Amino acid sequence: MLAVVGLLAFGLLSKGSSGVALGEVAPSEPLPRLEGGGTGSLADYRGRWVLVNFWASWCVPCRTEAPELEEFQRRHAGPEFTVLGIDSRDLTEDGRDFVRRYDLTYPQLRDGDGDTAHEFGTTGVPENFLIDPNGKVRLLARGPVDAEYLDRYVAPLLPGAGS
Amino acid sequence: MKRTAALLCLALLAALVVAAPASAAEPRASLSEIEAEVMCPVCGTLLQLAEAPQAQRQKAFVRRLIAEGRTKEQIKDALVAEYGEEVLALPKGKGFNLSAYLVPAIAFVIALVALILGVLRWRRASGPPDGGSKAAPQGPSPEDAERLDADLARYDL
């Protein structure tokens, strides 16, 4: 009986805790790249500010958000900042079609089983996490962000913003 | 006559050769069958119960693979490649997932052994108090027999 209880407890614990809070180090397990093969990770961008955007092609708000993120990326991308898309619980081909449809140029990873989204503690898509150069969460936005949010809350934190 | 029999045998053989691969081939996968065995990862329910936009895309994906002639197992493997093992309603019997099958089996065996031990103990407890071997049923004691005879004699007609 103890063995059975132990097994059940192990199963629950192995699911892991969920969610990161502001100031905590964000998960950075490697994920497959949405296009081009290989894997990528948030850790690859250590030393840069990264806006992690969880999205999915079937998510309606993501369709209005993606062009806003792309516009922000075009204005701010460089050695010190990038947007990083993470396509979560989505079909690979649907995700690739989405990237082509909205002409997204920022890097994209694939989180097919949603484990990374779970580790970040997302409650759905889209959600955005601004990660600082040390890998810690500095901003968290549940739901879609727009140009106003990005300019008001994200841009001032980036290097060269004069803050 | 011989020629007719030979022709019949040949036709029978040909029919068997044609029928054999057809019966050996796997049955064509169906959407309803697969929907009942996989989950909608976003909704957390069986795909057949899900109507969310993600579920609609997943169903379209399954339909496309069926149209391509993939078998049920191939389609389930493709879904696992897209969404991970948790897309399967019944996990594969590997690693920790094995416990989904082992735990009920072990619990059943434990319950069965407990039941058998309980019955044995109950039978032993309801046996003779001295724990001796089973004795043949004994008749009434001489006093009882005497009293019984007397009582019966009173009812003699």
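May I ask you to list pairs of residues, at least six apart or on different chains, whose Cβ atoms are under 6 Å apart, with the first in region B:72-92 being among the charged types (D, E, K, R) and the second being at pLDDT below 95?
Pairs found: B:LYS72/B:ALA29.
For region A:52-65, check the following and say yes or no: at least one residue is assigned to a loop (DSSP other than H, G, I, E, B), at negative phi and either surrounded by fewer than 20 Cβ atoms within 10 Å (Cβ to Cβ) or in contact (Cβ under 8 Å) with a residue 60 or more places away in the chain (or both). Walk me through it before giving the result.
Step one: of region A:52-65, the residues assigned to a loop (DSSP other than H, G, I, E, B) are A:56-59.
Going one step further and asking which of them are at negative phi, we end up with A:56-59.
Filter again for either surrounded by fewer than 20 Cβ atoms within 10 Å (Cβ to Cβ) or in contact (Cβ under 8 Å) with a residue 60 or more places away in the chain (or both), leaving A:56, A:59.
Yes, region A:52-65 contains at least one residue that is assigned to a loop (DSSP other than H, G, I, E, B), at negative phi and either surrounded by fewer than 20 Cβ atoms within 10 Å (Cβ to Cβ) or in contact (Cβ under 8 Å) with a residue 60 or more places away in the chain (or both).
Write out, first by first residue and then by second, each pair whose Cβ atoms fall under 6 Å of each other, whose residues are 6+ apart or on separate chains, and whose first residue, in region B:40-51, is free of Cβ contacts under 8 Å to residues at least 24 places away in the same chain while the second is assigned to a strand (DSSP E or B).
As it stands, the answer is B:LEU47/B:VAL38; B:LEU47/B:CYS40; B:ALA50/B:CYS40, since those pairs meet every condition given.
Looking at region A:125-150, which of its residues are touching a residue at least 12 places away in the same chain (Cβ under 8 Å), surrounded by fewer than 18 Cβ atoms within 10 Å (Cβ to Cβ) and farther than 16 Å from A:ALA26 by Cα?
Across region A:125-150, the qualifying residues are A:GLY143, A:ASP146, A:ALA147.
Being part of a loop (DSSP other than H, G, I, E, B) and either among the acidic types (Asp, Glu) or without any contact (Cβ under 8 Å) to a residue 24 or more places away in the chain (or both) is the filter; apply it to region A:68-111 and report the residue that is nearest to the other protein chains (Cβ to nearest Cβ).
Looking only at region A:68-111, we keep the residues that are part of a loop (DSSP other than H, G, I, E, B), and these are A:77, A:79-80, A:89-91, A:102-107.
If we keep only those that are either among the acidic types (Asp, Glu) or without any contact (Cβ under 8 Å) to a residue 24 or more places away in the chain (or both) too, we end up with A:80, A:90, A:103.
Numbers: A:GLU80: 34, A:ASP90: 7, A:ASP103: 21 Å.
So the residue we want is A:ASP90.
Of all residues in region A:151-163, count the ones that are in contact (Cβ under 8 Å) with a residue 24 or more places away in the chain, outside any loop (DSSP other than H, G, I, E, B) and in contact with a strand residue (DSSP E or B) (Cβ under 7 Å, 6 or more places away or on another chain).
2
Looking at region A:29-51 only, could you name the residues that are hydrophobic (A, V, I, L, M, F, W, C), closer than 25 Å to A:GLY143 by Cβ and either within 14 Å of chain B (Cβ to nearest Cβ) or surrounded by fewer than 15 Cβ atoms within 10 Å (Cβ to Cβ) (or both)?
A:LEU31, A:LEU34
Pick out, from region B:39-157, the helices (runs of 4 or more DSSP H) lying fully within it that include 1 or more residues that are more than 23 Å from the chain's Cα centre (by Cα), at pLDDT 95 or above and under 29 Å from A:PHE54 (Cβ atoms). Can you show your working first?
Details: elements: B:53-67, B:72-83, B:99-125, B:142-154.
Output list reads B:53-67, B:72-83.
The values are calculated or read from the model by the stated rules, or taken from the named source; none is laboratory data. This one's a predicted model, so the numbers in the text were calculated from it and none came from an experiment. Heads up, the Cβs are rebuilt from the backbone with ideal geometry, glycines too, and the neighbour counts pull from every protein chain shown.
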